[in-house]
Amino acid sequence: MQLSLRALVLLFTSVLVLTGTATAQKKNASYQKYVKDYSDLAIQHQRKYKIPASITLAQGILESGAGQSDLARRSNNHFGIKCHTDWKGGRVYHDDDLRGECFRKYKKVEDSYEDHSKFLAERPRYASLFKLNITDYKGWARGLQKCGYATDKAYANKLIKMIEDYELYKYDSQGKKRASNEKSQPQAPVIRRTVYKTHGLLYVYAESNDTFESVAASTGFKAKDLKKFNEVPGDFPLQKGDIVYLQKKKVKADKPNYDHVVQIGESMHSIAQKYGIQIKSLYKINKKQPDYTPAEGDVLKLR
């Protein structure tokens, strides 16, 4: 009798215990309102300028304090764009890296969004970002920091955390243009997966255009169970190379993994996935609150 992949995993683990998404935290009402107010505008700009809507929204929230910062209220500047030598419009002066720096002033918020999109699209330093897949918010976040958009060493990681905490990635798929004559694609064949084992856990790698549903279909699991094992919300997008665990993760990393030095573009979730440990355990071991964002160079304990 040939056993299914799921049955083999059950035999390997003996008991399969489900766990809910870790580090659930209370949502910031002002962030939620900002997303509600400006998500349509961000989607419009994705279609026009090819900048992920999730990135635009996350930057807007961070740079403007969800529209509540002094700079945003005084000048409708939601992205903290400074005057530079080519700016001919209105100006306000605000303390930032230096005292009394010049920032652009706009008549309305929509003008700030337009200027932000042009700022990225028309400057050669950001050209490499537009070669990325429109749904690759992690690549965009890393690229913005590496290209010098912000001096904050945690900037990329803050964007990623904001996008994942508030599920902003769903707006990237909404922003994709569909050709009017585009035909429905035939159903993709079920992928034959290679199962790997590390840290005492069984897992598979996601392929291009994978979803938890497609991984579930090819492994004999339910998609909702895989999402619980990997501690993600229902519509979390997979990217090629992502680890998808087929069982519950551990409470601490295996030896000799004692600590981890944070890199650009990493989140507590991606670090937890790398070592096969639960996110809530990673926060607990390091005595961090759910609002903590790891910055480049931080050292996190793994056990």
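The values are calculated or read from the model by the stated rules, or taken from the named source; none is laboratory data. Since the model is a prediction, treat every value here as computed from it, not as a measurement. Cβ: placed from backbone, ideal geometry, glycine included. Neighbour counts: every protein chain shown. What goes into the accessible areas is simple: the full protein's heavy atoms, side chains included, and nothing from ligands, DNA or RNA. Shrake-Rupley method; radii C 1.70, N 1.55, O 1.52, S 1.80 Å.
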Can you name the residue in the range 115-126 that is touching a residue at least 40 places away in the same chain (Cβ under 8 Å) and open to solvent by 30 Å² or more (accessible area, probe 1.4 Å) and is also farthest from LYS82 (Cα to Cα) among such residues? ALA121
Subset of the range 275-291 [at pLDDT 95 or above and under 16 Å from the mean Cα position of the chain (by Cα)]: ILE279
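Could you list, in sequence order, all residues of the range 21-37 that are modelled with pLDDT of 80 or more and basic (Lys, Arg)? Steps first, please.
The first filter runs over the range 21-37 and keeps only residues modelled with pLDDT of 80 or more, leaving 27-37.
Within the range 21-37, LYS27, LYS33, LYS36 meet the criteria.
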Helices (runs of 4 or more DSSP H) enclosed by the range 26-89 - at least 3 residues per element that are touching a residue at least 60 places away in the same chain (Cβ under 8 Å) and open to solvent by 40 Å² or more (accessible area, probe 1.4 Å): 29-49
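Hey, among the residues in the range 140-150 that are in contact (Cβ under 8 Å) with a residue 40 or more places away in the chain and more than 20 Å from ALA66 (Cα to Cα), which one's surrounded by the fewest Cβ atoms within 10 Å (Cβ to Cβ)?
First pass over the range 140-150, keeping only residues in contact (Cβ under 8 Å) with a residue 40 or more places away in the chain: 140-142, 144-146.
With the extra rule that they be more than 20 Å from ALA66 (Cα to Cα), the set shrinks to 140, 142, 145-146.
Values: TRP140: 30, ARG142: 22, GLN145: 22, LYS146: 14.
Among them, the one singled out is LYS146.
Restricting attention to the range 244-269, which residues are of a type in the set (Ser, Thr, Tyr), at pLDDT 95 or above and more than 14 Å from LYS197 (Cα to Cα)? Before the answer, list the steps.
Of the range 244-269, the ones of a type in the set (Ser, Thr, Tyr) are 245, 258, 267.
Okay, now just the ones that are also at pLDDT 95 or above, so 245, 258.
Once the filter is applied, which keeps residues that are of a type in the set (Ser, Thr, Tyr), at pLDDT 95 or above and more than 14 Å from LYS197 (Cα to Cα), the range 244-269 yields only TYR258.
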For the range 159-201, which positions are of a type in the set (A, V, I, L, M), open to solvent by less than 30 Å² (accessible area, probe 1.4 Å) and modelled with pLDDT under 95? LEU201
The range 103-140, residues that are over 16 Å from ALA53 (Cβ atoms) and of a type in the set (Asp, Glu): ASP111, ASP115, GLU122
